[in-house]
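The block underneath contains the structure these notes are about, expressed in structure tokens.
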Amino acid sequence: MKPKTGVILVLLAAFVHIAAQNSDAEQNVEELLVETLVKPETCSLKSEMGDAVQIHYTGKLLADGKVIDSSLSRDPLVVELGKRTVIPGLEQSLVGVCEGQKIKTTIPPHLAYGKRGYPPTIPADAALQFEVEVMSLIQAAPWQKMVNDVFPLVCLGLVPTLLGMVGLYLYNKANAQQPGKKKAKDKKSKKK
């Protein structure tokens with residue numbers, strides 16, 4: 001083997017090794033990554049939980065770039081933040097965006113479709129990448145935010161209370177003696 005050929009083989013092996021590591025790194029995304037592609041000049045209003053954002057998006061598999069879904073041929077999608085209408089990673093990436101902003105978000109499997117995937121389109125443990133354009137932002141009214149914050153807490157308090165009341169009712173009902181049975185017992189004790 002000539003020295004020149006050996007050097008070429010070593011360089012080729014190093015290139016293949018580095019390429020394989022980069023490919024594995026892309027597929028093993030552990031945390032949500034959000035990159036701003038376009039930000040409007042003025043951004044006085046940022047989205048918060050409870051707000052609604054109207055978006056156009058294109059979602060792809062990170063591994064091979066295959067498009068899994070796109071809203072570009074349809075009306076924009078309306079996402080109410082905090083209502084869990086989209087995968088968690090996409091919803092989290094939409095908090096703090098402005099109207100007119102374009103983002104690219106890389107979503108790890110645990111914030112997308114996880115171990116199950118979404119057969120046949122999305123395989124198990126697939127990292128996803130979405131390019132999103134925020135078409136409009138609709139802020140939640142103060143009373144809506146209050147309801148979104150307070151209602152779950154009220155429900156948490158009411159459920160145990162209702163369960164306790166049902167339990168108490170059933171306990172009292174089980175321990176209450178029926179009048180017909182009490183008279184029969186009294187008659188038997190008088191005969192003796």
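Quick notes on this one:
- Set side by side, the residues 83, 66, 115, 104 differ, and just one is assigned by the TED database to the domain that holds residue 40, touching an Asp or Glu at 6+ places or on another chain (Cβ under 8 Å) and open to solvent by 80 Å² or more (accessible area, probe 1.4 Å), which is 115.
- Among residues of the range 30-43, those that are touching a residue at least 24 places away in the same chain (Cβ under 8 Å) and open to solvent by 100 Å² or more (accessible area, probe 1.4 Å), counted: 3
- The one condition in (1) open to solvent by less than 20 Å² (accessible area, probe 1.4 Å); (2) at positive phi; (3) in contact (Cβ under 8 Å) with a residue 24 or more places away in the chain that residue 128 fails to fulfil: (2)
- Within the set 146, 49, 135, the sole residue that is in contact (Cβ under 8 Å) with a residue 60 or more places away in the chain and open to solvent by 90 Å² or more (accessible area, probe 1.4 Å) turns out to be 49.
- First in the range 54-79 and within 18 Å of residue 119 (Cα to Cα), second anywhere and of a type in the set (A, V, I, L, M) and open to solvent by 60 Å² or more (accessible area, probe 1.4 Å), Cβ under 6 Å, 6 or more apart: 60/67
- Filter pass, residue 44 being of a type in the set (Gly, Ala, Ser), more than 22 Å from residue 125 (Cβ to Cβ) and more than 20 Å from the chain's Cα centre (by Cα): yes
The values are calculated or read from the model by the stated rules, or taken from the named source; none is laboratory data. Bear in mind that the values here come from a model prediction, so they are computed numbers and not experimental data. Every residue, glycine among them, receives a Cβ derived from its backbone with ideal geometry; neighbour counts consider all protein chains shown. Remember, those area values only see protein heavy atoms, side chains included, never the ligands or the DNA or RNA. Shrake-Rupley method; radii C 1.70, N 1.55, O 1.52, S 1.80 Å.
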